[in-house]
Structures are given as C-alpha cells and as structure tokens.
Amino acid sequence: MLKSVSQFIVLATLLAAAACGPTDEALDEAVASQVVTNGATYDLIGVHSGKCVDVAGVSVADRANIRLWACSGQGNQKFRFELQSDGTYRIASVHSGKCLDVQNVSTADGANVQQYSCRSGDNQRWFVTDLGGDVVRLTAKHSNKVLDVAGIGTANGTNIHQWSNTGRTNQQFRLVPTSGSSSATPTPATPATG
C-alpha cells in the first residue's frame, strides 16, 4: 500500500516511463523526485563550498548577478519556490521578489544566471531533482542545463551560471528551509528528464 501522495506520483511516473521504454537516466530522475513545499523559502547552500546562493550587493534591480557568498541570513540569500502548472518552480529572491533567470534565454554552457522580474518564460522555470539528504539539482526548463558554480569555485563572489550536468558537487545545493515557510503547502516536484 502506498504511504503518501509522493510515492504514488513516483510510481505513476515509473509506470508511464516503462510504457515508453525509458532510459536508465529517466528512471533515475523519476525515482529522485522530491517534495518541495510550494511557497516556502529556502537557503540554497552549495554542497562543495558550504556557501549560499546570493543576489549580488543585495540589489533589487533586474539583471543583478547571482553568485556564491558566505551565508549571512539576509533576504538576498533566501528564495521562495513557486510551483508552476507544468511541475517546474519559479525561484524568487525573498528580498526583491525577482526570479532566478538565465540571461537572454540562452541555452549555452556558461550563460549567466541573474535575477529578473518574474515572467512566464521557461528560462525562469526550474526542475528540482532530489539527490538525497536535502540536496537538490536545479535544471532550467528551456535549456536542460543545471545551476552551476563556475569553475567549482569556493571564493565569495564566484559566479553562478548554467552548465551541462556533470554530476559534480558544484551543481548540487542543500535546500534548507528558512523561518516563515511552515504555512506553505507541500507539493511534489516534477523530475528533470536528463
């Protein structure tokens, strides 16, 4: 007997994938789906560095850069996950209300990630894949590339961009709930497909 809705969703995804002849990678992604709390806020902490995803200079402007920085607890390091109808999430900075955005809708490795006014574009939609132990990988819907700390850097100010999935820890982030996120509704994330 299934113990939760998320188990049912994983089982349904696996059954649907089996009917289509899935790859091993597709099955791994289906099994890795996790529950993200819709509307909750999280710190995103780089697994390889222990530092936070950060909006540079606490800026509220469009095009402000997203970078790695020592965790401070400020709102420019807290992000609200907003479930979209296609199972992706818009990820909005708490201090500005603006969304993580792949600049110019680029599909290239190394395309910059910035904050920008939230819109409906796929360059602001992210699949959340559970890697276990509160660690996730974020995959941009429009490019199928992942959020990546440039050059596996650990210094304050290291740029964050998108890159092809390498499986390295500079593409993995610990999802840490922040205060004030308890009133949100749990919803299952749709797994990325590659």
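Every number here is computed from the coordinates shown, using simple stated rules; none is lab data. Source: prediction; values computed, not measured. Every residue, glycine among them, receives a Cβ derived from its backbone with ideal geometry; neighbour counts consider all protein chains shown.
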Using a basic spin-label model with each label point 7 Å from the Cα along Cα→Cβ, how many nm lie between V135 and V60?
3.7 nm
Give me the net charge of V47's neighbourhood, meaning all other residues with Cβ under 15 Å from the Cβ of V47; Lys, Arg count +1, Asp, Glu -1.
0
Which value in nm describes the separation of the simple spin-label points at D86 and T154, placed 7 Å from the Cα toward the beta carbon?
3.7 nm
Report the dimensions of the range 38-184 along its three principal axes from the alpha-carbon atoms, largest first, rounded to Å.
36, 33, 30
Gain upon complete extension [H142, S179; 0.36 nm per residue less C-alpha separation]:
10.2 nm
Between T166 and A70, what is the label-to-label distance in nm when each label sits 7 Å out along the Cα-to-Cβ direction?
2.6 nm
When Lys and Arg each count +1 and Asp and Glu each count -1, what net charge do the other residues less than 15 Å away from V176, Cβ to Cβ, add up to?
0
